[in-house]
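In what follows, a structure is listed as structure tokens, so that the remarks can point back to it.
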Amino acid sequence: MNKKYIVHPGGKITGELRVPGDKSISHRSIMLGALAEGTTEVTGFLEGEDALATLAAFRTMGVHIIGPDKGKVTIHGVGMHGLKAPATALDLGNSGTSMRLLSGLLAAQDFDVTLTGDKSLSGRPMKRVTDPLALMGAEIETNEGKPPLNIHGGKQLKGIDYELPMASAQVKSCLLLAGMYANGKTSVTEPAPTRDHTERMLGGMGYPLQQQGSTVTIEGGAKLTATRIDVPADISSATFFMVAAAIAPGSDVTLKHVGINPTRIGVINILKQMGADISLTNQAETGGEPVADIRVQYAPLKGIQIPQEQVPLAIDEFPALFIAAACAEGQTVLTGAEELRVKESDRIQVMADGLTTLGIDAQPTADGIVINGGIIGSGEVDSHGDHRIAMSFAMAALQAGGTIQINDCANVATSFPGFVELAMQAGLNIEEIDD
Ligand code: S3P
């Protein structure tokens, strides 16, 4: 069953909130915990559909996993060579991260496996992983570069030196996971820094790897040792409330225990440059990842040219940042973000369409968008099944002249279970209706 949101205009965002666990780290905790020797205890795990798809995939491959129960997951690691052939295809739902990371990990196993996904995932590019994996000796069939992926196991992979053609943590991570099984060294060089959760977790579980400038190198044949993993709150989920507080006068919100890994904080940097009042307190480190409480108090925003180097650091936050731009004074220009066109939806086009419906001048370009701040009206927008687009337009209602209806919202459950309840608690006037 699908969902739609009816969001009534006005309101402000206040209080102390803890958003669910980080999606990227939750996926990796299952993958590496499964391959480790010993029992990995995870807390703060994201009980959203994407991370649960990864968890289910490893159960299907014979890993004993207890939970999740209130964010707690216990994974009985099977070691690097303990996965079992699944009896069925692994359905990864909406999750690009699951499919791209698993393709690397599974290319090196001694069994065949098929990876499938939902309509959105079935349209997403996979050659970015299958091409370099083929150079390593993997054998994977795609449907014209898209899922399903038929992975033929039993191949001995060999290490490669690979320069990523795009800034992608998923591709980097895929190759590092494959590299753990390859003969020799695998080096991945990225054109710009991307999230480094895989590298941090590998290090935390005792797998040696070297970082030199923009190149990370891993050698096959070592092992992972189980550990405790405390998953911080997801800065990508916190973003909706950060933007909400930044656009709605009278707002003052604190997001608790949020991951502020330097490769993820583009949203803070960009909002600050737009004039947002953001402060960090209680900075600490947990399980190799920096965390903090993030306080956002309303302050008027201005349009900016978004710095190129911030793009990979804020890649999932642009739908929400476009709402901030719509509420800012002046023009915001984004370039160098063509990757947004191949996310869960074409986020440039879908956001431009929705903003236009709401009366905002938003011009899509090949690799970005130009948004002129204005007055948000009312109307009906379509999220195209993209969780982040649904949540972004929900926040736009705070500054809208009338009600905003958002269609196709069920996929919010992929990354943010309990979004509607938390948004209501924070001050958003939102109703969720079965569709
Ligand atoms: C992710 C990497 C990013 C991001 C995605 C999660 C990850 O994708 O958009 O939501 O967990 O590695 P790309 O690496 O394709 O940019």
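The values are calculated or read from the model by the stated rules, or taken from the named source; none is laboratory data. Quick caveat, the model's predicted, so the values are computed rather than measured. A quick note on method: Cβ atoms are made from the backbone with ideal geometry, for glycine too, and the neighbour counts reach across all protein chains shown. Just so you know, the surface numbers come from the protein's heavy atoms only, side chains and all, with ligands and any DNA or RNA stripped out. Shrake-Rupley method; radii C 1.70, N 1.55, O 1.52, S 1.80 Å.
Taking residue 4 as the anchor, which lysines have their alpha carbon closer than 16 Å to its alpha carbon, excluding any fewer than eight residues away along the same chain?
The qualifying lysines are none; the list is empty.
For the chain, what's the radius of gyration and Dmax over Cα atoms, in angstrom?
Values for the chain (Cα only, Rg and Dmax): 20.9, 61 Å.
Just to confirm a number: summing +1 for Lys and Arg and -1 for Asp and Glu over residues other than residue 404 whose beta-carbon lies under 15 angstrom from that of residue 404, what do you get?
-4
Pop out the carbon and sulfur fraction of the accessible area of segment 23-230 as a percent, whole number, probe 1.4 Å.
Carbon with sulfur: 48 percent of the solvent-accessible area.
Please list, or write none, the aspartates and glutamates whose alpha carbon is within less than 18 Å of the alpha carbon of residue 272, excluding same-chain residues fewer than 8 places away.
Correct list for residue 272: 252, 293, 309, 316, 317, 329.
May I ask you to compute the full-extension gain from residue 435 to residue 114, defined as 0.36 nm times their residue separation minus their alpha-carbon distance, rounded to one decimal in nm?
Result: 112.4 nm gained on full extension.
Among the lysines, which fall within straight-line cross-link reach of residue 3, defined as a Cα-Cα distance under 29 Å, with same-chain neighbours fewer than 8 residues apart omitted?
Partners within reach: 12, 23, 70, 72, 119, 146, 256, 343.
Ignoring everything except DSSP H segments at least 4 long, calculate the 222 nm mean residue ellipticity for the chain; use -39,500 (n - 2.57) per segment, divide by total residues, nearest 500.
My calculation for the chain gives -8500 deg cm²/dmol from helical runs alone.
Is segment 23-230 best put as rounded, prolate or oblate by its Cα gyration tensor, with a ≥ b ≥ c the root eigenvalues, rounded for a/c under 1.5, and otherwise prolate when a/b is larger than b/c, oblate when not?
Judged from the Cα gyration tensor, segment 23-230 comes out rounded (a/c under 1.5).
Set the Förster distance to 56 Å, then compute FRET efficiency between residue 84 and residue 363 from the Cβ-Cβ distance, nearest 0.05.
Calculated transfer efficiency: 0.60.
So how exposed is residue 357, as accessible area in Å² (1.4 Å probe, rounded to 10)?
In the full protein context, residue 357 sits at about 70 Å².
Full extension from residue 256 to residue 380: what is 0.36 nm times the residue separation minus their Cα-Cα distance, to one decimal in nm?
41.4 nm
In Å², and per residue, what accessible area does the chain have when probed at 1.4 Å with the other protein chains present?
Counting only protein heavy atoms, the per-residue value for the chain is 35 Å².
Based on C-alpha coordinates, I'd like the Rg and Dmax of segment 300-349, in Å.
Gyration radius and largest Cα-Cα distance of segment 300-349: 10.7, 32 Å.
Given Cα pairs under 8 Å that are at least 6 residues apart, what percent is the relative contact order of the chain?
That works out to 20 percent.
Of all the Cα-Cα pairs you can form in segment 93-157, what percent are over 18 Å apart?
On the way: 500 of 2080 pairs.
Counting pairs separated by more than 18 Å, the tail of P(r) holds 24 percent.
With all protein chains present and a 1.4 Å probe, how do 387, 64 order by accessible area, largest first?
So the residues, ranked largest to smallest area, are 64, 387.
Report the label-to-label distance for residue 161 and residue 309 in nanometres (one decimal), using points 7 Å from each Cα along the Cα→Cβ vector.
So the two model labels end up 2.5 nm from each other.
Tally the DSSP beta bridges in the chain and give the antiparallel ones as a percent, rounded to 5.
Counting DSSP beta bridges with both partners in the chain, the antiparallel share is about 70 percent.
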